[in-house]
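Trainee: One structure follows; several queries about it will come next.
The values are calculated or read from the model by the stated rules, or taken from the named source; none is laboratory data. As the structure is a computational prediction, the values presented were derived from the model and not from experiment. Virtual Cβ from ideal backbone geometry, glycine too; neighbours counted across all protein chains shown.
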Amino acid sequence: MRKEAVIFDMNGVIVNDERIHQESWRQLSKKYGFKLSEEQFKHDVFGHTEVDTLDYLFKRHLSPEEQQPYLDERVKIAIDLYKPQIALPNGLLEFFNLLEQNSIPVAIATSARIPYTNFVLDSLKIRHFFTHIVTSEEIKRSKPDPEIYLLAAQKLGIDSQLCIAIEDSLSGIKSAQAAGIYVIGITSTHTREELDLANLVIDSFTELSLEKLELA
């Protein structure tokens, strides 16, 4: 079945920033007396929204008023850490250009909030590549629930089964597949073995072509 659109996760896909977020959560957690192991980061933080992570840390649901100071502080830490080194992964700009040249619609479905998403898109000057951007503020249920991918496909005006998703997290892969989307896993956060749930696993965007993705 020929595919018609590509939906990108952002953290760990468009930017290899998982270590940045890990360090920002580590700094925030240390400040407020929480400790997270590597396994907890992999399974309970990566691919989840900031709100979900706060609930996980505090073992209860925080009200919006309680959440906001922590959310703002965490994003500021991440931006300050990442600003001097932010860059696109190898081959991604060329892939963006290829999709644009072939008029293939592209969207983002990210668990990040608007402030950090804007920081990434504006710092890298890549906003123009995306037809639609869906952030955590627009959904009620985070990955692995399919809501965010279904919403991205809806905004694109394309049946989810005709979309391709590119993900780095286990929860993200499950989210996209639950929406009926063909998923490419990229090994920026997890190993090939850990990503074996994906339909295709790559190590770099240089491995992708329109023919390989059935976009041509």
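Trainee: Checking the structure you have, find out if any residue of the range 166-187 is among the small types (G, A, S), on the phi > 0 side of the Ramachandran plot and without any contact (Cβ under 8 Å) to a residue 40 or more places away in the chain.
Mentor: First, pick out the residues of the range 166-187 that are among the small types (G, A, S): 169, 171-172, 175-176, 178-180, 185.
The next check asks that each one be on the phi > 0 side of the Ramachandran plot; those that pass are 180.
If we keep only those that are without any contact (Cβ under 8 Å) to a residue 40 or more places away in the chain too, we end up with 180.
Yes, some residue in the range 166-187 is among the small types (G, A, S), on the phi > 0 side of the Ramachandran plot and without any contact (Cβ under 8 Å) to a residue 40 or more places away in the chain.
Trainee: Take the residues of the range 1-52 that are in a helix (DSSP H, G or I) and β-branched (V, I, T): which is nearest to Q85 (Cα to Cα)? Let's see the steps before the verdict.
Mentor: Quick first cut of the range 1-52, residues in a helix (DSSP H, G or I) only: 18-31, 38-45, 50-52.
Still in the list and also β-branched (V, I, T): 20, 45, 51.
On the way: I20: 10, V45: 22, V51: 26 Å.
Among those that are in a helix (DSSP H, G or I) and β-branched (V, I, T), it is I20.
Trainee: Scan the range 114-164 for residues that are of a type in the set (G, A, S), modelled with pLDDT under 95 and either in a helix (DSSP H, G or I) or in contact with a strand residue (DSSP E or B) (Cβ under 9 Å, 6 or more places away or on another chain) (or both) and jot them down.
Mentor: The first filter runs over the range 114-164 and keeps only residues of a type in the set (G, A, S), leaving 123, 136, 142, 152-153, 157, 160.
Applying the additional criterion that residues be modelled with pLDDT under 95 yields 136, 142.
If the condition is that a residue be of a type in the set (G, A, S), modelled with pLDDT under 95 and either in a helix (DSSP H, G or I) or in contact with a strand residue (DSSP E or B) (Cβ under 9 Å, 6 or more places away or on another chain) (or both), then S136 is the only one that fits.
Trainee: Which of (1) assigned by TED's automatic domain parsing to the domain that holds S136; (2) farther than 21 Å from L151 by Cβ; (3) of a type in the set (D, E, K, R) does D9 not meet, given it meets every other one?
Mentor: (2)
Trainee: Another one. For the range 74-98, give me the residue count where each residue is touching a residue at least 40 places away in the same chain (Cβ under 8 Å) and in a loop (DSSP other than H, G, I, E, B).
Mentor: The first filter runs over the range 74-98 and keeps only residues touching a residue at least 40 places away in the same chain (Cβ under 8 Å), leaving 74-75, 77-79, 81-83, 86-92, 94-95, 98.
Next, only the ones that are in a loop (DSSP other than H, G, I, E, B) stay: 83, 86-91.
Of the residues in the range 74-98, 7 are touching a residue at least 40 places away in the same chain (Cβ under 8 Å) and in a loop (DSSP other than H, G, I, E, B).
Trainee: Quick check: anything in the range 67-74 touching a strand residue (DSSP E or B) at 6+ places or on another chain (Cβ under 8 Å) and among the aliphatic types (A, V, I, L, M)? Spell out how you get there, then give the answer.
Mentor: Quick first cut of the range 67-74, residues touching a strand residue (DSSP E or B) at 6+ places or on another chain (Cβ under 8 Å) only: none.
Within the range 67-74 (the criterion being touching a strand residue (DSSP E or B) at 6+ places or on another chain (Cβ under 8 Å) and among the aliphatic types (A, V, I, L, M)), the answer is no, since none of the residues qualifies.
Trainee: Taking the range 165-184 as the region of interest, how many residues are assigned to a helix (DSSP H, G or I) and surrounded by fewer than 24 Cβ atoms within 10 Å (Cβ to Cβ)? Break it down into steps so the answer makes sense when it comes.
Mentor: Quick first cut of the range 165-184, residues assigned to a helix (DSSP H, G or I) only: 170-178.
From the residues that got through so far, the ones that are surrounded by fewer than 24 Cβ atoms within 10 Å (Cβ to Cβ) too are 170-171, 174, 177-178.
Residues that pass the stated criteria total 5.
Trainee: From the residues in the range 190-207 that are out of contact with any strand residue (DSSP E or B) (no Cβ under 7 Å at 6 or more places or on another chain) and not charged (D, E, K, R), which one is surrounded by the most Cβ atoms within 10 Å (Cβ to Cβ)?
Mentor: Of all residues in the range 190-207, those out of contact with any strand residue (DSSP E or B) (no Cβ under 7 Å at 6 or more places or on another chain) come to 190-191, 193-194, 196-197, 203-207.
With the extra rule that they be not charged (D, E, K, R), the set shrinks to 190-191, 197, 204-206.
Values: H190: 23, T191: 9, L197: 14, S204: 14, F205: 21, T206: 13.
The qualifying residue surrounded by the most Cβ atoms within 10 Å (Cβ to Cβ) is H190.
Trainee: If we keep just the residues of the range 107-138 that are surrounded by fewer than 19 Cβ atoms within 10 Å (Cβ to Cβ) and among the β-branched types (V, I, T), which is farthest from A179 (Cα to Cα)?
Mentor: Out of the qualifying residues, it is I126.
Trainee: What about R141, is it in contact (Cβ under 8 Å) with a residue 60 or more places away in the chain, touching an Asp or Glu at 6+ places or on another chain (Cβ under 7 Å) and more than 24 Å from F205 (Cβ to Cβ)?
Mentor: Taking the combined requirement at face value, the residue does not satisfy it.
Trainee: Filter the range 165-183 down to the residues that are in contact with a helix residue (DSSP H, G or I) (Cβ under 9 Å, 6 or more places away or on another chain) and among the aliphatic types (A, V, I, L, M), then identify the one that is modelled with the lowest pLDDT.
Mentor: For the range 165-183, the residue satisfying everything is L170.
Trainee: Further question on the same structure: Given (1) within 27 Å of E38 (Cα to Cα); (2) of a type in the set (A, V, I, L, M, F, W, C); (3) surrounded by fewer than 19 Cβ atoms within 10 Å (Cβ to Cβ), where does L210 come up short, assuming only one miss?
Mentor: (1)
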